Amino acid sequence: MQSKRRNKKNKAASRRGGKAVLFFKRATMVLLAVVVTAAAVLGLKMFAEQLRVEDIIISGNSRLEREDVLDSLKVRRGESLLNLHFSELRGRLKANSWIKKVDLRKQYPDTLEIRIEEAEPKALLSINDQLYLVDGDGNRLESIKGETTPFLPVIKNIDPVLRKEMSEALKLVAAMSGKGAFADRESIEIGLESYGLTVRMDGEFIKVGYDDYEEKFARWIELEPEIRKRGLPVQYVDLRFKDSVIVKPVEEEKEAKKEKGKA
(Lines give C-alpha, C1' and ligand atoms only; values in the text may rest on other atoms or scores of the structure.)
Protein backbone atom coordinates (compact mmCIF):
# COMPACT_ATOMS: atom_id res chain seq x y z
CA MET A 1 0.00 0.00 0.00
CA GLN A 2 2.76 2.40 0.92
CA SER A 3 4.59 1.40 -2.26
CA LYS A 4 1.59 2.49 -4.34
CA ARG A 5 1.43 5.84 -2.56
CA ARG A 6 5.13 6.45 -3.17
CA ASN A 7 4.68 5.63 -6.88
CA LYS A 8 1.82 8.13 -7.14
CA LYS A 9 3.91 10.83 -5.45
CA ASN A 10 6.85 10.11 -7.76
CA LYS A 11 4.61 10.35 -10.83
CA ALA A 12 3.11 13.66 -9.64
CA ALA A 13 6.57 15.07 -8.96
CA SER A 14 7.71 13.88 -12.38
CA ARG A 15 4.78 15.62 -14.04
CA ARG A 16 5.49 18.85 -12.14
CA GLY A 17 9.12 18.61 -13.12
CA GLY A 18 8.21 18.06 -16.77
CA LYS A 19 5.93 21.07 -16.74
CA ALA A 20 8.64 23.20 -15.19
CA VAL A 21 11.16 22.12 -17.83
CA LEU A 22 8.59 22.84 -20.59
CA PHE A 23 7.86 26.25 -19.05
CA PHE A 24 11.54 27.15 -18.92
CA LYS A 25 12.03 25.98 -22.51
CA ARG A 26 9.15 28.12 -23.70
CA ALA A 27 10.31 31.09 -21.66
CA THR A 28 13.79 30.69 -23.09
CA MET A 29 12.41 30.61 -26.64
CA VAL A 30 10.28 33.72 -26.03
CA LEU A 31 13.22 35.53 -24.48
CA LEU A 32 15.43 34.49 -27.38
CA ALA A 33 12.81 35.74 -29.86
CA VAL A 34 12.61 39.08 -28.01
CA VAL A 35 16.39 39.40 -28.04
CA VAL A 36 16.60 38.55 -31.75
CA THR A 37 13.80 41.00 -32.59
CA ALA A 38 15.39 43.77 -30.53
CA ALA A 39 18.74 43.09 -32.17
CA ALA A 40 17.13 43.16 -35.62
CA VAL A 41 15.35 46.43 -34.88
CA LEU A 42 18.53 47.93 -33.48
CA GLY A 43 20.50 46.67 -36.45
CA LEU A 44 17.93 48.03 -38.90
CA LYS A 45 17.97 51.36 -37.10
CA MET A 46 21.75 51.49 -37.24
CA PHE A 47 21.61 50.47 -40.92
CA ALA A 48 19.02 53.16 -41.65
CA GLU A 49 21.23 55.72 -39.95
CA GLN A 50 23.83 54.99 -42.61
CA LEU A 51 21.31 55.37 -45.51
CA ARG A 52 20.87 59.11 -45.53
CA VAL A 53 20.47 61.39 -48.54
CA GLU A 54 23.81 62.91 -49.45
CA ASP A 55 23.27 63.56 -53.15
CA ILE A 56 20.22 64.39 -55.31
CA ILE A 57 20.68 63.92 -59.06
CA ILE A 58 18.20 65.79 -61.28
CA SER A 59 17.90 65.34 -65.05
CA GLY A 60 15.44 66.24 -67.80
CA ASN A 61 15.01 69.86 -66.71
CA SER A 62 15.71 72.62 -69.20
CA ARG A 63 13.35 75.44 -68.27
CA LEU A 64 13.38 74.71 -64.55
CA GLU A 65 16.47 75.43 -62.51
CA ARG A 66 17.78 72.77 -60.14
CA GLU A 67 16.71 74.90 -57.17
CA ASP A 68 13.14 75.07 -58.54
CA VAL A 69 12.94 71.27 -58.52
CA LEU A 70 14.48 71.00 -55.04
CA ASP A 71 12.02 73.59 -53.69
CA SER A 72 9.13 71.46 -54.95
CA LEU A 73 10.72 68.20 -53.74
CA LYS A 74 11.22 69.39 -50.14
CA VAL A 75 13.89 66.77 -49.40
CA ARG A 76 17.12 67.87 -47.75
CA ARG A 77 20.45 66.19 -47.30
CA GLY A 78 20.61 64.02 -44.20
CA GLU A 79 17.04 62.67 -44.45
CA SER A 80 16.61 58.90 -44.30
CA LEU A 81 16.59 57.39 -47.78
CA LEU A 82 14.46 54.48 -46.51
CA ASN A 83 11.73 56.81 -45.26
CA LEU A 84 11.21 58.55 -48.61
CA HIS A 85 7.93 57.46 -50.25
CA PHE A 86 7.79 57.87 -54.03
CA SER A 87 4.04 58.57 -54.16
CA GLU A 88 4.46 61.50 -51.80
CA LEU A 89 7.50 62.83 -53.67
CA ARG A 90 5.69 62.60 -57.03
CA GLY A 91 2.75 64.53 -55.60
CA ARG A 92 5.04 67.32 -54.41
CA LEU A 93 6.88 67.57 -57.72
CA LYS A 94 3.79 67.46 -59.93
CA ALA A 95 2.28 70.30 -57.94
CA ASN A 96 4.71 72.37 -60.02
CA SER A 97 2.81 73.08 -63.25
CA TRP A 98 6.00 72.79 -65.32
CA ILE A 99 6.58 69.17 -64.26
CA LYS A 100 4.54 66.77 -66.39
CA LYS A 101 6.06 63.37 -65.51
CA VAL A 102 8.47 62.12 -62.82
CA ASP A 103 10.66 59.02 -62.49
CA LEU A 104 12.32 58.39 -59.10
CA ARG A 105 15.05 55.97 -58.09
CA LYS A 106 16.94 55.31 -54.88
CA GLN A 107 20.57 54.52 -55.45
CA TYR A 108 21.89 53.11 -52.20
CA PRO A 109 23.56 54.01 -49.98
CA ASP A 110 23.02 57.79 -50.26
CA THR A 111 21.62 59.03 -53.59
CA LEU A 112 18.14 59.99 -54.83
CA GLU A 113 17.77 60.20 -58.62
CA ILE A 114 15.02 62.30 -60.21
CA ARG A 115 14.22 62.41 -63.91
CA ILE A 116 11.49 64.83 -64.95
CA GLU A 117 9.64 65.54 -68.16
CA GLU A 118 8.71 69.18 -68.43
CA ALA A 119 5.48 70.49 -69.88
CA GLU A 120 5.88 72.15 -73.27
CA PRO A 121 4.26 75.54 -73.95
CA LYS A 122 1.92 75.32 -76.92
CA ALA A 123 0.13 78.66 -76.86
CA LEU A 124 -0.44 81.90 -75.02
CA LEU A 125 -3.78 82.36 -73.29
CA SER A 126 -5.04 85.94 -73.06
CA ILE A 127 -7.70 86.56 -70.42
CA ASN A 128 -8.57 89.97 -68.99
CA ASP A 129 -5.47 91.50 -70.59
CA GLN A 130 -3.20 88.98 -68.86
CA LEU A 131 -1.08 86.49 -70.81
CA TYR A 132 -0.37 82.94 -69.63
CA LEU A 133 1.75 80.18 -71.12
CA VAL A 134 -0.37 77.03 -71.53
CA ASP A 135 0.55 73.46 -72.45
CA GLY A 136 -1.20 71.10 -74.85
CA ASP A 137 -3.82 70.25 -72.21
CA GLY A 138 -4.63 73.89 -71.49
CA ASN A 139 -2.87 73.94 -68.11
CA ARG A 140 -1.49 77.35 -67.17
CA LEU A 141 2.26 77.13 -66.74
CA GLU A 142 3.05 80.69 -65.74
CA SER A 143 1.95 84.25 -66.36
CA ILE A 144 3.84 86.54 -68.75
CA LYS A 145 4.60 89.81 -67.01
CA GLY A 146 5.14 93.10 -68.77
CA GLU A 147 4.88 93.85 -72.47
CA THR A 148 5.94 91.07 -74.77
CA THR A 149 5.78 90.16 -78.44
CA PRO A 150 3.70 86.98 -78.83
CA PHE A 151 5.97 84.14 -79.94
CA LEU A 152 3.21 81.52 -79.90
CA PRO A 153 -0.38 81.50 -81.17
CA VAL A 154 -2.60 83.49 -78.81
CA ILE A 155 -5.89 82.01 -77.60
CA LYS A 156 -7.91 85.08 -76.74
CA ASN A 157 -10.68 85.28 -74.15
CA ILE A 158 -11.59 81.58 -74.15
CA ASP A 159 -12.12 80.66 -70.52
CA PRO A 160 -10.39 77.34 -69.66
CA VAL A 161 -13.58 76.43 -67.79
CA LEU A 162 -15.08 75.91 -71.26
CA ARG A 163 -13.28 72.61 -71.69
CA LYS A 164 -14.65 71.70 -75.12
CA GLU A 165 -13.90 75.10 -76.62
CA MET A 166 -10.43 75.21 -75.04
CA SER A 167 -9.67 71.70 -76.25
CA GLU A 168 -10.74 72.60 -79.79
CA ALA A 169 -8.63 75.78 -79.71
CA LEU A 170 -5.57 73.71 -78.77
CA LYS A 171 -6.30 71.23 -81.56
CA LEU A 172 -6.40 74.18 -83.94
CA VAL A 173 -3.06 75.42 -82.54
CA ALA A 174 -1.55 71.96 -83.13
CA ALA A 175 -2.88 71.83 -86.70
CA MET A 176 -1.49 75.27 -87.54
CA SER A 177 1.84 74.56 -85.84
CA GLY A 178 2.28 71.59 -88.17
CA LYS A 179 1.93 73.81 -91.24
CA GLY A 180 5.22 75.33 -92.33
CA ALA A 181 3.32 78.01 -94.23
CA PHE A 182 2.49 79.71 -90.94
CA ALA A 183 6.02 79.69 -89.52
CA ASP A 184 6.80 83.24 -90.66
CA ARG A 185 3.54 84.78 -89.45
CA GLU A 186 4.02 87.58 -86.95
CA SER A 187 0.65 87.23 -85.25
CA ILE A 188 -1.84 84.37 -84.92
CA GLU A 189 -4.82 84.98 -82.66
CA ILE A 190 -7.53 82.37 -82.04
CA GLY A 191 -10.94 83.58 -80.91
CA LEU A 192 -14.43 82.23 -80.35
CA GLU A 193 -17.72 83.26 -81.94
CA SER A 194 -21.19 81.74 -81.75
CA TYR A 195 -20.46 79.68 -84.88
CA GLY A 196 -17.12 78.36 -83.66
CA LEU A 197 -13.43 79.24 -83.72
CA THR A 198 -11.87 82.11 -85.64
CA VAL A 199 -8.31 83.05 -86.54
CA ARG A 200 -6.82 86.50 -87.05
CA MET A 201 -3.54 86.02 -88.86
CA ASP A 202 -1.49 89.08 -89.77
CA GLY A 203 -4.68 91.04 -90.37
CA GLU A 204 -6.58 88.27 -92.16
CA PHE A 205 -9.83 87.17 -90.53
CA ILE A 206 -10.70 83.49 -91.00
CA LYS A 207 -13.88 81.74 -89.88
CA VAL A 208 -12.85 78.20 -88.97
CA GLY A 209 -15.72 76.62 -87.02
CA TYR A 210 -14.91 73.21 -85.53
CA ASP A 211 -13.11 70.01 -86.62
CA ASP A 212 -11.00 69.06 -89.68
CA TYR A 213 -8.53 71.89 -89.04
CA GLU A 214 -5.64 70.48 -91.05
CA GLU A 215 -7.84 69.86 -94.06
CA LYS A 216 -9.38 73.33 -93.85
CA PHE A 217 -6.06 75.14 -93.71
CA ALA A 218 -4.59 72.97 -96.46
CA ARG A 219 -7.33 74.37 -98.74
CA TRP A 220 -6.58 77.92 -97.60
CA ILE A 221 -2.81 77.54 -98.09
CA GLU A 222 -3.45 76.38 -101.65
CA LEU A 223 -5.72 79.33 -102.48
CA GLU A 224 -4.04 82.19 -100.59
CA PRO A 225 -1.14 82.85 -103.05
CA GLU A 226 -3.63 83.44 -105.88
CA ILE A 227 -5.60 85.92 -103.77
CA ARG A 228 -2.42 87.77 -102.85
CA LYS A 229 -1.33 87.79 -106.49
CA ARG A 230 -4.57 89.46 -107.53
CA GLY A 231 -4.30 92.00 -104.73
CA LEU A 232 -7.91 91.34 -103.82
CA PRO A 233 -8.86 93.08 -100.55
CA VAL A 234 -10.56 90.46 -98.37
CA GLN A 235 -13.08 91.09 -95.60
CA TYR A 236 -12.93 87.48 -94.36
CA VAL A 237 -12.28 83.90 -95.40
CA ASP A 238 -14.75 81.18 -94.44
CA LEU A 239 -13.47 77.60 -94.09
CA ARG A 240 -16.46 76.14 -92.28
CA PHE A 241 -17.99 74.37 -95.25
CA LYS A 242 -16.70 71.05 -96.58
CA ASP A 243 -14.43 71.10 -99.64
CA SER A 244 -14.77 74.84 -100.14
CA VAL A 245 -13.16 78.17 -99.32
CA ILE A 246 -15.44 81.20 -99.29
CA VAL A 247 -13.66 84.51 -99.79
CA LYS A 248 -15.67 87.60 -98.93
CA PRO A 249 -14.16 90.66 -100.67
CA VAL A 250 -14.23 94.04 -99.02
CA GLU A 251 -17.23 95.96 -100.36
CA GLU A 252 -16.19 98.56 -102.94
CA GLU A 253 -17.99 101.38 -101.12
CA LYS A 254 -16.17 100.62 -97.86
CA GLU A 255 -12.87 100.32 -99.71
CA ALA A 256 -13.44 103.66 -101.42
CA LYS A 257 -14.11 105.34 -98.07
CA LYS A 258 -11.00 103.74 -96.67
CA GLU A 259 -8.87 105.02 -99.54
CA LYS A 260 -10.46 108.48 -99.26
CA GLY A 261 -9.64 108.55 -95.57
CA LYS A 262 -5.99 107.77 -96.34
CA ALA A 263 -5.87 110.66 -98.84
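The values are calculated or read from the model by the stated rules, or taken from the named source; none is laboratory data. Remember, predicted model here, so these are calculated numbers, not experimental data. Glycine also receives a Cβ, built like all others from the backbone with ideal geometry; neighbour counts cover every protein chain displayed.
Below is a table of values for the structure above.
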item: Test: residue in the range 206-215 that is at pLDDT below 85, over 27 Å from the mean Cα position of the chain (by Cα), surrounded by 15 or more Cβ atoms within 10 Å (Cβ to Cβ) and under 28 Å from Leu131 (Cα atoms); result: no
item: Which listed residue is touching a strand residue (DSSP E or B) at 6+ places or on another chain (Cβ under 6 Å) and under 23 Å from Val199 (Cα atoms), from Val173, Val161, Val102; result: Val173
item: Qualifying residue in the range 221-240 (condition: assigned to a helix (DSSP H, G or I) and modelled with pLDDT of 85 or more); result: yes
item: The one condition in (1) of a type in the set (A, V, I, L, M, F, W, C); (2) surrounded by 13 or more Cβ atoms within 10 Å (Cβ to Cβ); (3) assigned to a loop (DSSP other than H, G, I, E, B) that Phe151 fails to fulfil; result: (2)
item: Restricting the range 117-136 to residues that are part of a loop (DSSP other than H, G, I, E, B) and surrounded by fewer than 12 Cβ atoms within 10 Å (Cβ to Cβ), the residue that is modelled with the lowest pLDDT; result: Asp129
item: The range 170-203 - residue that is of a type in the set (S, T, N, Q) and surrounded by fewer than 18 Cβ atoms within 10 Å (Cβ to Cβ) and, of those, farthest from Arg240 (Cα to Cα); result: Ser187
item: Ile99 being out of contact with any Pro (no Cβ under 8 Å at 6 or more places or on another chain) and modelled with pLDDT of 90 or more; result: yes
item: Criterion (assigned to a loop (DSSP other than H, G, I, E, B), modelled with pLDDT of 90 or more and surrounded by 13 or more Cβ atoms within 10 Å (Cβ to Cβ)) met by exactly one of Leu93, Leu84, Leu64, Leu89; result: Leu64
